[in-house]
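Working notes, beginning with the structure itself.
Derivation of every value follows stated rules applied to the coordinates shown; laboratory data play no part. Computed from a predicted model, the values in this text were never measured in an experiment. Cβ atoms come from the backbone with ideal geometry, glycine included; neighbour counts cover every protein chain shown.
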């Protein structure tokens, strides 16, 4: 009860603070509702001849990861201080909960939307998430890529992934979600947010493996946009709520949800690490 009251008090404080911040927030040049989103472009073809560099630094065509297996595509950036980590952690949790084997039954392709990021960053993320997955297949089935702005946009535009670079703050505003593609590179299913049910993802992969296209789903518009106009610090923005209401109280609720997201992420990451240690036999008594 004490914890609930403390959280409620935090929400009230944030609400009062948001009154003064709202006018500043309205001056932001990025219109999240118009410039950022994940549109469901079902049955759209991904350009497979564009090239990227993988975690080893090798130049590879996107086609390398297609042909016989469905592909899970995600478009974060590796130095993201926001929901990208939650997104990738959510993928690990879903992958670990499926009876499908990464690399054998499906491929995972992670493309950074920041063209300045390097193969060394990709390699660090590959090592981190292969360790968290802690099951066979990640070394050959989960790929972390970097590339040119033009090639990143070519893929993003094909799947309906709308994002924008905020030059003033050197950050990206982007949606959260993953896309399941057929073996020949067509969009089959969309998953929004950062938490994916293993059963639903498994069904989507099996459907996509047969070349079938899924149906439209409800959109949870969770955006990653980090600048706080008052402090210059970074946080999450629950855009759909803000779009529908737009009030100071709701802005405070968004900030409160940010804190809860980060708290839950720390707990979820600890659980993933524990599961990985148990899987690999490295758990402490």
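Below, the figures for the structure above:
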| item | result |
| --- | --- |
| Relative contact order of the range 38-97, pairs being alpha-carbon contacts under 8 Å that are 6 or more residues apart, as % | 16 percent |
| Distance in nm between pseudo-label sites at residue 116 and residue 101 (7 Å out along the Cβ direction from Cα) | 4.2 nm |
| Cβ-based exposure ranking for 126, 189, 174, in which fewest neighbours within 10 Å come first | 126, 189, 174 |
| Neighbour-count ranking [beta-carbon atoms within 10 angstrom, fewest first] of 164, 74 | 164, 74 |
| Neighbour-count order for 191, 144, 66, fewest beta carbons within 10 angstrom listed first | 66, 191, 144 |
| In Å, descending, principal axis extents of the Cα set of the range 56-137 | 35, 28, 17 |
| Alpha-carbon centroid distance for the pair the range 106-125 / the range 159-206, whole angstrom | 15 Å |
| FRET efficiency, residue 150 to residue 217 (Cβ-Cβ, R0 41 Å, nearest 0.05) | 0.85 |
| Projected area, mean over directions - the range 32-228, Cα convex hull, nm² | 9.8 nm² |
| Relative contact order for the range 60-210, counting Cα pairs under 8 Å that sit 6 or more residues apart, in percent | 33 percent |
